[in-house]
Amino acid sequence: MQRKSNFAVYFLMSVSLALVSCASNTQVARVQSDSTIDLNGKWNDTDSRLVAEEMVKDALNQRWIYKYEEKKKTPTVIVGKITNRSHEHISVETFVKDIERSLLNSGNVEFVASKIERQQMRDEVEDQQENASASTRNDIGEEQGADLMMTGSINAIVQQEGKKSVIFYQVNMELTELESKKKVWIGEKKIKKYVERAGARL
């Protein structure tokens, strides 16, 4: 009986050591931030960046911009609400920042801060009225208004059969004039991913 008990103890110790050994085999490698790594087919940073760049490029190549060129005016754009309607968690904030960066870097439009950012700045300007010197304080009511707002949504459809699945993303974006409420551009970008998962390994 004692021998069986000792064997059980040794067996449990061996299993524990094996599990610890497996857990310690994790390896981490630093890669370029713009490299494409797709581990599971879900929306990732590459999708966010490429979709933002392509949609902004398409929006700025449409006829609506000629109206501002004729007036010799650079249109001012603000990014409004972008909704995640997909089945998975998507960092919409990251996507919004990718769009803002693409708009700003295009050089074709001017860009104003979001509603939340503007409120923070208004609080700062109000504080300056009492606490900053007259030569350094900023005036209230001197904000630049936006001419157009960009809004949109991210949608997804998943088909799965066994270990195989197809993930389909569709991003819809619109650009609307704030004064007239006319939609001057509607764009969409589609991404389809085929995922085949390997069998479980012991």
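Odds and ends about this structure:
- Computed on the Cα trace of the stretch 39-196, the radius of gyration divided by the Kirkwood hydrodynamic radius gives Rg/Rh = 1.08.
- Efficiency of FRET between Glu126 and Ser91 - r from beta-carbon atoms, R0 30 angstrom, step 0.05: 0.40
- A Förster distance of 30 Å, applied to the separation of the beta-carbon atoms of Glu188 and Arg118, puts the FRET efficiency at 0.55.
- Taking other residues whose beta carbon is less than 11 angstrom from the beta carbon of Gln128, and scoring Lys, Arg as +1 and Asp, Glu as -1, yields -4.
- Per-peptide average of other Cβ atoms within 10 Å, ordering 119-130, 97-108 highest first: 97-108, 119-130
Each value in this text was obtained by applying a stated rule to the coordinates, not by laboratory testing. Just so it is clear, the model here is predicted, and its values are computed rather than measured. Note that each Cβ is placed from the backbone with ideal geometry, even for glycine, and that neighbours are counted across all protein chains shown.
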